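Each remark here refers to the structure printed beneath this line.
Coordinate-derived values only; no laboratory data. Everything numeric in this text was worked out from a predicted model, so none of it was measured. Because the Cβ atoms are built from the backbone with ideal geometry, glycine has one as well, and the counts that use them run over all protein chains shown.
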Amino acid sequence: MKAFENFRGVILPLDRANVDTDAIIPKQYLKSIKRTGFEDALFSDWRYLPDGKPDPTFALNREEYQNATVLLTRNNFGCGSSREHAVWAIVQYGFRVVIAPWAGEGAHRTPAFADIFRNNSVKNGLLTIELSPKDVDRIFSFVGKDPSLEATVHLADQTVTVHAGNQDHSFRFDVDPSVKERFLQGLDDIGITLKEEAAIGTFERTHDVQFPHS
């Protein structure tokens with residue numbers, strides 16, 4: 001996995017809550033066992049008209065968002081089935097970050113992202129950023145005034161800075177330390193295991209490990 005570097009990119013607004021994985025990538029695209037080629041299927045039910053032509057009213061098809069790398073949405077993003085294809089489609093389209101808010105408080109609080117979607121994102125280098133509802137509302141308002149609005153994501157400092165006109169607005173986010181290290185170092189599951197290669201080798205040399213025959 002490529003190390004996550006600070007970047008500046010256009011924000012694409014998707015002002016919908018409870019976007020499930022079937023909306024992100026419908027089930028008919030799950031037949032492929034390859035891990036590539038899913039970018040054209042992203043949000044396809046919303047993105048295309050019945051005749052297959054792009055719907056000009058959907059944000060993904062608007063010219064100002066063609067090179068967007070920051071997806072701004074609402075709470076409970078990625079709910080539904082556990083399909084990892086949803087994250088593949090988002091990453092392969094070009095998004096590097098998804099920003100969403102939590103909703104409610106206490107026992108009634110709904111997270112920004114469904115747990116399985118968040119875990120799949122970690123495995124595929126997609127950074128999920130949870131902000132307060134108030135902060136996300138502010139960013140949506142900025143985007144509403146400037147469709148070409150950009151933001152800078154600085155993982156080491158755990159900040160998102162929105163460049164609105166001549167003024168910058170920074171928002172701090174929390175991230176699990178192990179996830180942060182994984183992204184900054186560009187480590188996938190295999191890479192994390194290989195960090196302990198010396199200890200694994202020592203264990204194998206000092207233990208009589210017997211593997212069952214198939």
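Please give the calculated 222 nm ellipticity per residue for the chain, where each DSSP H segment of at least 4 residues contributes -39500 (n - 2.57) and the sum is spread over every residue; nearest 500 deg cm²/dmol?
Mean residue ellipticity at 222 nm (helix-derived): -8000 deg cm²/dmol.
Across the stretch 1-69, the relative contact order, built from alpha-carbon pairs under 8 Å that are at least six residues apart, equals 40 percent. On the basis of the beta-carbon distance and an R0 of 35 Å, ALA107 and ASP51 show a calculated FRET efficiency of 0.15.
Taking a straight line from the alpha carbon of LYS34, these lysines sit under 21 Å away, with near neighbours fewer than eight places off in the same chain left out: LYS2, LYS123. In terms of other Cβ atoms within 10 Å, VAL19, VAL87 run from fewest to most in the order VAL19, VAL87. Rg/Rh for the chain stands at 1.04; both radii use Cα atoms, and Rh follows the Kirkwood definition. Summing charges over neighbours of ARG62, with a neighbour being any other residue whose Cβ is under 14 Å away from its Cβ, gives -4 when K and R count +1 and D and E count -1. Contact order for the stretch 7-206, expressed relative to its length and based on alpha carbon pairs under 8 Å spaced 6+ residues apart, stands at 21 percent.
Full extension of the chain between ASP15 and HIS169 gives 53.4 nm of extra length, using 0.36 nm per residue less the Cα-Cα distance. The stretch between THR161 and ARG35 holds 42.2 nm of extra length on full extension. This uses 0.36 nm per residue minus the Cα-Cα distance. The GluC sites (Glu not before Pro) of the stretch 1-66 that DSSP puts in a loop, and whose beta carbon has at most 14 other beta carbons within 10 Å, are GLU5.
The stretch 103-193 has equivalent-ellipsoid semi-axes of 26, 18, 11 Å, by the square roots of 5 times the alpha carbon gyration tensor eigenvalues, sorted largest first.
Relative to the present Cα-Cα distance, how much length would full extension add between HIS207 and SER82 at 0.36 nm per residue of separation?
41.2 nm
Taking a Cβ cut-off of under 14 Å around ASN75, the surrounding Lys, Arg, Asp and Glu residues balance to a net charge of -2, with basic ones at +1 and acidic ones at -1.
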